[in-house]
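This report concerns only the one structure given below.
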Ligand SMILES: [Zn+2]
Ligand SMILES: [Zn+2]
């Protein structure tokens, strides 16, 4: 099956901050300080996206600097913030967010709709905009300041309505180390064959990346009926799909189900046909045969999930699905969606 798949691409993973402000707009660090700050924290790609202002800067400290801007444009009472990456000039005045998207597309720039939840955007309005690459699914600043960091419900609305967009986690940092700290909370891992601007923009256009607040996705494979995901220790793995579809595996609920099944509990027996527990590579493999001929093999060690293999994934998905993991601190990582044929 073909889909945007960073795990089978050859190349290197680059940690990227795609939305950050400097003193050139309302940030507290000077542009060079922003780059140094992220470079010291292990980032290899940074875009300074000041408000309606293109801040030019050379790459330095092993950090590739992608020219970017956050454009604000109002329409019908909503303020759209559009993060545009890979532009060489500031946009002409625009009356409509669609004008900015068209302008960006002329130079093959990447367009991200910033913080839909924070902006109280309409779901319908987002489906009417055309040609943007991604929406922000997590924004550290919006989370820390007003508790509106997660916009994943917008993502699933768009995906459910056939709009193919990727999801990015960003900081939107203004304050950096000054409390309340709004940096190093959300980023993307981009897979590129070469560390240069065009390769990064191409990977963003094609969805060759995933987003994280901490957890690492180590591998992902998919065939027509099987799915395999391997990750750093997490509490929960979710497969999110169209209305009523999907699957959640939570470590605590799983343990209760297994206990219930062993005790012949009616509830557990109504879901699970058989459970086999094996050991491999220092992990416990819980092979759970569900009622309905689906087998879910779960890798577990030290009370955490490390991945799973599903034989019969079609049972749980329709039209599209995406994988999301959550660690024990509530930090998430998100793979980009898979659109089913
Ligand atoms: Zn904004
Ligand atoms: Zn911003």
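Find how much the distance from residue 56 to residue 250 grows on full extension, using 0.36 nm per residue of separation minus their present alpha carbon separation; answer in nm with one decimal. Before the final figure, lay out the partial values.
Numbers: separation 194, 0.36 × 194 = 69.84 nm, distance 4.54 nm.
The residue 56-residue 250 span can extend by a further 65.3 nm.
For residue 218 and residue 242, what is the calculated FRET efficiency with R₀ set at 25 Å and r taken between the beta-carbons, to the nearest 0.05? Intermediate values should be presented prior to the final figure.
Values: r = 27 Å, r/R0 = 1.08.
The computed FRET efficiency comes out at 0.40.
Take region 108-176, drop everything but the C-alpha atoms, weight them equally and run the Debye formula without solvent; then report log10 I(q)/I(0) at 0.11, 0.14, 0.16 Å⁻¹ to two decimals.
Each listed q maps to, in turn, -0.24, -0.39, -0.50.
Listed highest first by mean packing, meaning other Cβ atoms within 10 Å per residue, what order do 223-233, 29-39, 267-277 come in?
Taking the mean over residues of other Cβ atoms within 10 Å, the ranking is 29-39, 223-233, 267-277.
Averaging over all projection directions, find the projected area of the Cα convex hull of the chain and quote it in nm² with one decimal place. Could the numbers behind the result be given before it?
Numbers: hull surface 71.6 nm².
If you wrap the Cα atoms of the chain in a convex hull and average its projections, you get 17.9 nm².
By its C-alpha gyration tensor, with a ≥ b ≥ c as the square roots of the eigenvalues, how is region 217-339 shaped: rounded for a/c under 1.5, else prolate for a/b larger than b/c, else oblate?
Values: a/c = 1.57, a/b = 1.19, b/c = 1.33.
Because a/c hits 1.5 or more and a/b fails to exceed b/c, region 217-339 counts as oblate.
State, as an integer percentage, the relative contact order of the chain based on alpha-carbon contacts under 8 Å between residues 6 or more apart.
Values: 807 pairs, mean separation 49.7, N = 341.
Contact order relative to length: 15 percent.
Using every Cα-Cα pair within region 87-145, state what percent have a distance larger than 13 Å.
Values: 1115 of 1711 pairs.
Here the tail beyond 13 Å accounts for 65 percent of pairs.
Round to the nearest 10 and give me the degree value, 0 to 90, for the angle of helix 31-40's Cα axis relative to the longest principal axis of the chain.
Tilt relative to the chain: about 30 degrees.
Let me know the Kirkwood hydrodynamic radius for region 12-212, please, with Cα pairs as the basis and the value in Å to one decimal.
Details: mean 1/r = 0.0606 Å⁻¹.
Evaluated over region 12-212, this radius sits at 16.5 Å.
Determine which residues of region 14-28 fall in the zone a paramagnetic label at residue 40 would reach in this model, i.e. backbone nitrogen under 13 Å from the point 7 Å along Cα→Cβ.
Answer for region 14-28: none.
For the pair residue 32/residue 164, report the inter-label distance in nm, with labels modelled 7 Å from Cα in the Cβ direction.
So the two model labels end up 4.4 nm from each other.
In nm, what is the difference between 0.36 nm times the number of residues separating residue 331 and residue 319 and their Cα-Cα distance?
My answer for the length gained is 1.6 nm.
At 7 Å along Cα-to-Cβ for each site, give me the label-to-label distance between residue 120 and residue 269 in nm.
Going by the 7 Å Cα→Cβ label model, 5.3 nm.
What value, in deg cm²/dmol to 500, does the helix sum -39500 (n - 2.57) over DSSP H runs of n ≥ 4 give at 222 nm once divided by the residues of the chain? Working shown, then result.
On the way: 8 runs with 68 residues, N = 341.
For the chain, the value works out to -5500 deg cm²/dmol.
Any read-out appearing in this document is the output of simple, stated calculations on the displayed coordinates, not a laboratory observation. All of these numbers come straight from a predicted model, not from anything done at the bench. With ideal geometry, Cβ positions are generated from the backbone for all residues, glycine too; neighbour counts draw on all protein chains shown.
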